[in-house]
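In what follows, a structure is listed as structure tokens, so that the remarks can point back to it.
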Amino acid sequence: MAEAGTEAEDVANASQAEEQKAEKPKRQKKQKEQQPADAYTEYLEAGMQIGAMIKAPGMSRFIFKTREDGLHLFDIKTVLDRITLAAKFLARYPSENIVVTASRVYALTPAKKFAEITGAKLITGRVLPGVFTNPNKEGYVEPDVVLVSDPRNEHQAVSEASKINIPVVALVDTDNWIKNIDLIVPCNNKGRKSLAMIYFLLAKELLKAKGQIKSDEEFKYTPSDFEAKIELKQSK
């Protein structure tokens, strides 16, 4: 598919704009209730806003500020808005036709939990050539949309999807190239707690967008349920 700002993002943005126009006063009040100070503190502590020192082409519009040490930062509100936007877009497709890919160690657990809760299909590790394009390939799947945890590590998934015009939603850090990504979720896509929080929010918002739950309170999971566990080696 085309670069950022493509049909997938336009459709999602248009849908969100219509909702904003119709329910802006109600939603503003609701946002204040749903996003208390302690929630933002939790998001900050998870490190969702922490980018890299490298700024890839096309990512400037998402960068909130740059620290003195050169580390780029995202705005938490922008990250949250894009997660909601991505969830609403993914909700347009049957859950079983959503494929989520995860290759980094810290992405495996949250992506697996997301797939388990939402009914999406999961591909872990290296995405092999032909997985979306060759029906004779072992492990071949036909997704309607692909959710990528890291566009660099999972570039094959992005390339495969683009060849057959499958939209790609991706978690994108400041140093990731965005070619062939249709809907960008700017975020820290490397951190353990960040990935857990992002997939927690994505799963919750996707179920809400599909009407499977009506409120945050109905979502009976916590970010820790999505978090990769660290095994501590015992000293001999």
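Data overview
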{"item": "Approximate spin-label separation Y93-D69, in nm, with each point projected 7 Å along Cα-to-Cβ", "result": "3.7"}
{"item": "Net charge of Cβ neighbours under 15 Å - reference E96; Lys, Arg +1; Asp, Glu -1", "result": "0"}
{"item": "Mean accessible surface per residue for region 75-182, computed with a 1.4 Å probe while every protein chain stays in place, in Å²", "result": "41"}
{"item": "Chain lengthening between V105 and D81 when straightened (0.36 nm per residue, less Cα-Cα)", "result": "6.0 nm"}
{"item": "Across K137/K193; K65/K163; K179/K220; K121/K214; K77/K137; K163/K214, pairs whose alpha-carbon gap is larger than 32 Å", "result": "K137/K193; K65/K163; K179/K220; K77/K137; K163/K214"}
{"item": "For V172, distant residues with modelled amide H under 5 Å away", "result": "V185, C187"}
{"item": "From phi via Karplus (6.51, -1.76, 1.60), per-residue ³J(HN,Hα) for region 61-74 in Hz, x at Gly/Pro", "result": "5, 9, 7, 7, 7, 10, 6, 4, 7, x, 7, 7, 10, 9"}
{"item": "Accessible-area composition of region 144-236, carbon plus sulfur, in percent [1.4 Å probe]", "result": "49"}
{"item": "Region 97-130 and region 179-236: distance between their alpha carbon centers, rounded to Å", "result": "12"}
{"item": "Region 136-236: C-alpha gyration tensor shape, a/c 1.5 cut-off, then a/b vs b/c", "result": "oblate"}
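The values are calculated or read from the model by the stated rules, or taken from the named source; none is laboratory data. Just so it is clear, the structure is predicted and the values come from calculations on it, not from any experiment. For neighbour counting, all protein chains shown are included, and Cβ atoms are generated from backbone atoms with ideal geometry for every residue, glycine included. Just the protein is used for accessible areas: all its heavy atoms, side chains included, with ligands, DNA and RNA removed. Shrake-Rupley method; radii C 1.70, N 1.55, O 1.52, S 1.80 Å.
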